[in-house]
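Q: Can you keep this structure in mind? I'll have questions shortly.
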Amino acid sequence: MLKDKKEPTKISDLGEFALIEYLTKNIKLKNKSSKYGVGDDAAIIKTSKTQVVTTDILTEGIHFDFTYTPAKHLGYKSAVVNFSDVYAMNAMPKQMLVSIAVSSKISLELINDFYEGLYLACNRYGVDLIGGDTSSSLTGMTISITVIGEADAKDIVYRNGAKETDVICVTGDLGGAYMGLQLLEREKQVFEEVGAQPDFSGKDYILERFLKPEARQDIIELLKEIGVKPTSMIDISDGLASEMHHICKQSNVGCKIYIGKIPIDYVTAEVANNFKLEPLITALNGGEDYELLFTISVKDFEKIKDYKQIKVIGHIMDKDQGLNLITEDDNFIELKANGWNNMD
Ligand code: ADP
Ligand code: MG
């Protein structure tokens with residue numbers, strides 16, 4: 001239907017029902033618990049497990065910018081950020097509902113690409129698209145995604161279980177997505193001002209971190225395999241500092257985080273320096289890394305210490321000691337919710 005067209009296809013040419021049919025006709029349900037998907041008034045899920053549910057809204061111009069975000073990447077990322085929330089409960093995402101509101105400037109090709117990204121993410125993470133809703137909007141595109149996951153009730157991990165002496169762990173590296181966004185924003189501005197084409201050579205890693213993040217399914221599987229249940233967990237969508245504050249507040253504890261142990265990728269640090277930003281600040285305050293921040297009991301430390309994808313960055317402390325960063329020369333700096341308060 002799309003192949004030979006040069007002009008973008010108007011969605012109004014299809015109408016709502018044909019559009020839904022077009023977008024969902026190839027779905028094959030993968031999970032046992034997905035009993036009925038798209039096509040009736042409601043979908044059906046049946047499981048003996050405990051279900052966890054999360055939802056996210058994404059608005060064009062607020063959460064994403066089509067100037068530098070390919071629609072397929074947007075679809076992939078919209079799905080993955082919701083999967084990440086489910087993993088952060090130590091659960092497995094299984095079903096997804098997608099609602100979109102689109103204005104007349106959004107072409108069928110764009111929506112098709114967006115769904116390709118959604119399906120790619122669903123296939124990679126073992127999730128079924130079981131329904132959604134479609135509406136028009138006056139301007140731009142709004143996306144709402146709901147993901148339903150499963151776990152054994154005893155395995156669910158909350159933000160509020162961290163205890164004094166627990167070890168604080170983080171996966172992957174931090175600040176990359178934020179620097180990817182800064183780079184894209186800068187090149188957009190340069191393009192708008194002087195028409196220069198961007199040169200992103202050598203920067204693929206941070207662009208990918210922003211445009212096509214992955215959720216840490218691998219870590220949830222690994223922790224299960226080695227028999228470690230975190231005492232608390234959260235995914236890093238708003239930066240390490242803010243997430244650490246959520247864990248400490250809800251667990252009623254304090255923490256100390258060693259600055260030298262916070263994982264920052266080389267390209268992230270290099271680009272941060274180019275932007276005259278402190279790499280540490282991007283790791284603490286930059287969002288959208290979708291890594292996992294979790295705490296484990298000291299007795300489990302031996303089990304995780306040899307996995308390079310998990311870094312130990314600090315310890316949980318008594319609440320009265322507050323939230324602190326420890327410098328390389330053993331000074332304490334208060335960890336602010338929105339980052340790091342420079343000493344000078
Ligand atoms: P209703 O009028 O009952 O809301 P719809 O015509 O909106 O029904 O939806 C028909 C079917 O298509 C339902 O199964 C719904 O979940 C699914 N659906 C609607 N919009 C989307 C979408 N954007 N993506 C995936 N499934 C959708
Ligand atoms: Mg509907």
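Q: Among the numbered criteria (1) farther than 28 Å from G140 by Cβ; (2) within 14 Å of ligand 1 (Cβ to nearest atom); (3) surrounded by 11 or more Cβ atoms within 10 Å (Cβ to Cβ), which one does V52 miss?
A: Of everything listed in (1) farther than 28 Å from G140 by Cβ; (2) within 14 Å of ligand 1 (Cβ to nearest atom); (3) surrounded by 11 or more Cβ atoms within 10 Å (Cβ to Cβ), V52 misses just condition (2).
Q: If only one of G149, G132 is within 16 Å of ligand 2 (Cβ to nearest atom) and part of a strand (DSSP E or B), which one is it?
A: None of the other options fit; the residue is G132.
Q: Let me ask you something else. Does S136 meet the test of being in contact (Cβ under 8 Å) with a residue 12 or more places away in the chain, under 18 Å from the mean Cα position of the chain (by Cα) and in the same structural domain as A42 (by TED's automatic domain parsing)?
A: For S136, the condition - in contact (Cβ under 8 Å) with a residue 12 or more places away in the chain, under 18 Å from the mean Cα position of the chain (by Cα) and in the same structural domain as A42 (by TED's automatic domain parsing) - is not met.
Q: Among (1) within 16 Å of ligand 1 (Cβ to nearest atom); (2) open to solvent by 10 Å² or more (accessible area, probe 1.4 Å); (3) under 20 Å from R124 (Cβ atoms), there is one condition A101 misses while meeting the rest; what is its number?
A: (3)
Q: Which residue pairs have Cβ atoms under 7 Å apart, sit 6 or more places apart or on different chains, and have a first residue in segment 186-205 that is more than 16 Å from T69 (Cβ to Cβ) and without any contact (Cβ under 8 Å) to a residue 60 or more places away in the chain and a second that is open to solvent by less than 90 Å² (accessible area, probe 1.4 Å) and part of a loop (DSSP other than H, G, I, E, B)?
A: V190/A196
Q: Considering only residues that are among the basic types (K, R) and either at pLDDT below 95 or touching a Cys at 6+ places or on another chain (Cβ under 6 Å) (or both), which ones fall in segment 196-234?
A: Selection gives K203 alone.
Q: For segment 282-329, name all the residues that are more than 14 Å from L223 (Cα to Cα) and polar (S, T, N, Q).
A: Listed by number, the residues that qualify are T282, N285, Q321, N324, T327.
Q: Of the residues Y266, Y258, which single one is over 16 Å from I168 (Cβ atoms), among the hydroxyl-bearing types (S, T, Y) and open to solvent by 10 Å² or more (accessible area, probe 1.4 Å)?
A: Only one candidate qualifies: Y266.
Q: If T146 satisfies all but one of (1) polar (S, T, N, Q); (2) at pLDDT below 95; (3) within 16 Å of ligand 1 (Cβ to nearest atom), what's the number of the condition it fails?
A: Going through (1) polar (S, T, N, Q); (2) at pLDDT below 95; (3) within 16 Å of ligand 1 (Cβ to nearest atom) one by one, T146 breaks only (2).
Q: Scan A42, A79, A18 and give me the residue that is part of a helix (DSSP H, G or I), modelled with pLDDT of 95 or more and small (G, A, S).
A: Of the residues listed, the single one that is part of a helix (DSSP H, G or I), modelled with pLDDT of 95 or more and small (G, A, S) is A79.
Q: Then there's this: Using the structure shown, decide if T282 is under 22 Å from D204 (Cβ atoms) and either out of contact with any Cys (no Cβ under 9 Å at 6 or more places or on another chain) or outside the structural domain of H63 (by TED's automatic domain parsing) (or both).
A: Answer is yes for this residue.
Q: Does segment 160-182 contain any residue that is without any contact (Cβ under 8 Å) to a residue 40 or more places away in the chain and out of contact with any Phe, Trp or Tyr (no Cβ under 6 Å at 6 or more places or on another chain)?
A: Within segment 160-182, not a single residue is without any contact (Cβ under 8 Å) to a residue 40 or more places away in the chain and out of contact with any Phe, Trp or Tyr (no Cβ under 6 Å at 6 or more places or on another chain).
Q: Checking D13 against (1) open to solvent by 70 Å² or more (accessible area, probe 1.4 Å); (2) free of Cβ contacts under 8 Å to residues at least 40 places away in the same chain, only one condition comes out false. Which one?
A: Single failed check for D13: (2).
Q: Would you pick out the residues in segment 55-76 that are assigned to a strand (DSSP E or B) and among the hydrophobic types (A, V, I, L, M, F, W, C)?
A: Result: I57, L58, F64.
Q: What's the total number of residues in segment 111-159 that are open to solvent by less than 40 Å² (accessible area, probe 1.4 Å), out of contact with any strand residue (DSSP E or B) (no Cβ under 7 Å at 6 or more places or on another chain) and farther than 29 Å from P230 by Cβ?
A: 4
The values are calculated or read from the model by the stated rules, or taken from the named source; none is laboratory data. None of these values were measured; they are calculated from a predicted model. Heads up, the Cβs are rebuilt from the backbone with ideal geometry, glycines too, and the neighbour counts pull from every protein chain shown. Each accessible area value is taken on the protein alone, full model and side chains, heavy atoms only, with ligands, DNA and RNA left out. Shrake-Rupley method; radii C 1.70, N 1.55, O 1.52, S 1.80 Å.
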